[in-house]
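Structure, as C-alpha cells:
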Amino acid sequence: MIPWIQRGTAKVPGGGGDLRLMQRGSEFSIMAGPIPLMNSRRSSSETKLAELACNHTRERRNCRILIGGYGMGFTLRAALARLGADARISVAELVPAIIEWARGPMAELTADCLDDPRVDVSVADVGDLIASARASFDAILLDVDNGPDGLSRSANDRLYTARGLRAAREALRPKGVLAIWSAAPDREFMSRLGRAGFAVEEIKARANNDRGGRHVIWIATKTAGTIG
C-alpha cells in the first residue's frame with residue numbers, strides 16, 4: 001500500500017490548533033490532529049453544496065456568491081461550472097496555507113480555479129465579510145469547520161448563532177440563499193434558521209456519490225419581511 005506522506009503543516013488562526021496536509025499517491029487529506037477534515041476522494045457533498053445553491057441562482061444575472069472555506073476547492077469548481085461569465089465569486093479562506101497548498105502540492109486538483117477571472121480570494125474570516133455586507137450576495141455557501149458542531153476553531157461558532165444567521169440574512173439580496181454543509185443533522189439548528197428568517201430545506205448527501213458517510217446540506221432561502 002502506498003504510504004501517507006506529510007506535505008505541509010499550518011496553524012489555524014485564533015487558537016484553532018494545527019492542520020496537516022497528507023498525500024498518498026493522487027489522494028490528499030487535510031487533518032485536524034487525528035481527525036480528517038476533508039479528503040479528495042470524498043467530495044460529493046461539497047460539490048452538491050454548490051449545485052444546490054446554484055440551482056436557486058441560475059436565473060439571476062450578475063450573480064454574486066460568497067464561499068466560506070476554500071478547503072480543496074470542490075465547492076468553488078462546481079459553482080464555476082454552473083455560473084455564467086457575468087458571475088462573481090468571493091472566496092474567504094482563513095488559513096493562508098490552504099491557498100498555498102492549493103497552488104502548490106494540490107495544483108493539479110485545483111485545476112486553475114483560483115485564477116478564473118470570476119474569482120476573488122481573500123485570506124479572511126468569512127464571518128467578518130458577512131458582518132460587513134448588506135444585501136450584497138445572491139448566495140452564501142458555508143463549508144466551515146464541521147458545520148454547526150465545529151471541531152477546529154470555537155470562533156467559527158458565531159456563524160451559526162442566531163446573531164450570525166441574522167447577519168447572513170442581512171448580507172443576502174432578496175430571496176438569496178444561505179447554503180450550509182454539515183457533517184451531521186442538527187434539528188435545533190434547523191429551527192434556529194427558521195427563526196432567523198429563512199425557509200429551510202434539509203438535503204442528505206453522501207460523501208462519495210452513493211457511498212461513504214451521510215452529510216447534511218441546508219438550503220435556507222431568505223424570506224420577505226423584517227426579523228425582530
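The values are calculated or read from the model by the stated rules, or taken from the named source; none is laboratory data. Treat the numbers as computed from the prediction; the structure is a model and nothing was measured. A quick note on method: Cβ atoms are made from the backbone with ideal geometry, for glycine too, and the neighbour counts reach across all protein chains shown. Just the protein is used for accessible areas: all its heavy atoms, side chains included, with ligands, DNA and RNA removed. Shrake-Rupley method; radii C 1.70, N 1.55, O 1.52, S 1.80 Å.
A few comments on the model shown:
- Which numbered condition VAL95 misses (of (1) under 26 Å from ILE203 (Cβ atoms); (2) touching a residue at least 40 places away in the same chain (Cβ under 8 Å)): (1)
- Residue in the stretch 1-16 that is least open to solvent (accessible area, probe 1.4 Å), counting only those that are assigned to a strand (DSSP E or B) and of a type in the set (A, V, I, L, M): ALA10
- Lone qualifier among ASN55, ASN39 - being under 24 Å from ALA205 (Cα atoms) and open to solvent by less than 70 Å² (accessible area, probe 1.4 Å): ASN39
- Test: residue in the stretch 172-179 that is touching a Phe, Trp or Tyr at 6+ places or on another chain (Cβ under 9 Å), closer than 17 Å to GLY69 by Cβ and at pLDDT below 95: no
- If you go through the stretch 196-211 and keep only what is at negative phi, modelled with pLDDT under 80 and open to solvent by 70 Å² or more (accessible area, probe 1.4 Å), you end up with ASP210, ARG211.
- For the stretch 10-36, residues that are in contact with a Ser or Thr (Cβ under 7 Å, 6 or more places away or on another chain) and over 16 Å from GLY73 (Cβ atoms) total 8.
- The residue that is modelled with the highest pLDDT, among those in the stretch 146-157 that are outside any loop (DSSP other than H, G, I, E, B), more than 12 Å from GLY68 (Cβ to Cβ) and of a type outside the set (S, T, N, Q), is ASP157.
- Matching residues, the stretch 122-141, being surrounded by 21 or more Cβ atoms within 10 Å (Cβ to Cβ) and either at pLDDT 95 or above or in a helix (DSSP H, G or I) (or both): VAL126, GLY127, ILE130, PHE137, ASP138, ALA139, ILE140, LEU141
- Among residues of the stretch 17-26 being open to solvent by 20 Å² or more (accessible area, probe 1.4 Å) and assigned to a strand (DSSP E or B), the one that is modelled with the lowest pLDDT is ASP18.
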